[in-house]
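Down below is the structure, laid out as structure tokens.
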Amino acid sequence: MLASRRSRAGAGVFSAAQFNLRSALFNPFMLAFSLALPVMMYLMFGVGKDYSNVALGRGTFSGLIMVQMAFFGAINALAALGVTVAMERQQGWLRQIALTPLGAGRYAISKVLAGIALALAIIAVTYAVGWATGARLEWWVWLATAAASLGVSLVASCIGLAAAFWLRSDAAYAATSGIITLSAFISGIFLPLEQMAPIMQQLAPFTPLYGLARLPMSFVTGEAITAGVAINAAIYSAVFVALAVWGASRRTERS
């Protein structure tokens, strides 16, 4: 009986993930923002520049920019799908889910699975455009950066879920967008930290994406991951995962 219930719940997670993925793919606004934006930004900043084909570590500058934009697209996708829980909660959908074998917690997992699939598509498309336009990396770095971007961007789904479970829908969207966008800029994803004002360079190590973004970039540059980078990534990952799990259990108990 218990095994049968768990089996139905597990099947429900994948069904819900497929539903959420289809909803995202047929949402022109989410698809344009998550998929088209990183490709356009790569084309703007990585192609046809004087520095595009300059060698850098295990690739070229255009290769590094491609990795950065794919990472940004992946975290945007996972965060956006996570925060849609806020709207569904406002509409009473989570209360209905809580009455099924799926439950709010497993439904949140389905959001993460859908986000992973969407993030994979974003990384694949961005890398395909990068390869076609001259971005170069060592063969294994293509795989390593893709896996690292996908792995660390999972934390972004927890950012969206945490905001969705703890804040009102309007505040959840604003908080998630603010955290992702501001942290991406200050962390040096769009502009090297060395070119920023001193105050920004001092703030960068304390932002949520500073440590996470450096893992995929390190495979290109060859730079070692410092203790400060590792601590930043570990602390923020633990905080957002804990907030998402706590928020999901809190909502389930209330339902």
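Any read-out appearing in this document is the output of simple, stated calculations on the displayed coordinates, not a laboratory observation. For clarity, every value in this text was computed on a predicted model and none was experimentally measured. Here the Cβ positions follow ideal geometry from the backbone for every residue, glycine too, while neighbour counts run over all protein chains shown.
Backbone geometry of the stretch 124-138 corresponds, through the Karplus equation with coefficients 6.51, -1.76 and 1.60 at θ = phi - 60°, to 3J(HN,Hα) couplings of 4, 5, 4, 5, 5, 5, x, 4, 5, 9, x, 5, 10, 9, 4 Hz, x marking Gly and Pro.
In this simple spin-label approximation, E223 and V125 carry label points 7 Å from Cα along the Cα→Cβ vector, and these lie 3.0 nm apart.
Between V54 and I231, the FRET efficiency estimated from the beta carbon spacing at R0 = 45 angstrom works out to 0.90. Scalar couplings 3J(HN,Hα) for the stretch 152-167, obtained by applying the Karplus form with A = 6.51, B = -1.76, C = 1.60 to θ = phi - 60°, are 6, 6, 4, 4, 5, 5, 5, 4, x, 5, 4, 5, 5, 7, 9, 10 Hz; x denotes Gly and Pro. Near the amide H of T60, within less than 5 Å, lie the amide hydrogens of R136, all on another chain or at least 5 residues away, with H placed in the peptide plane.
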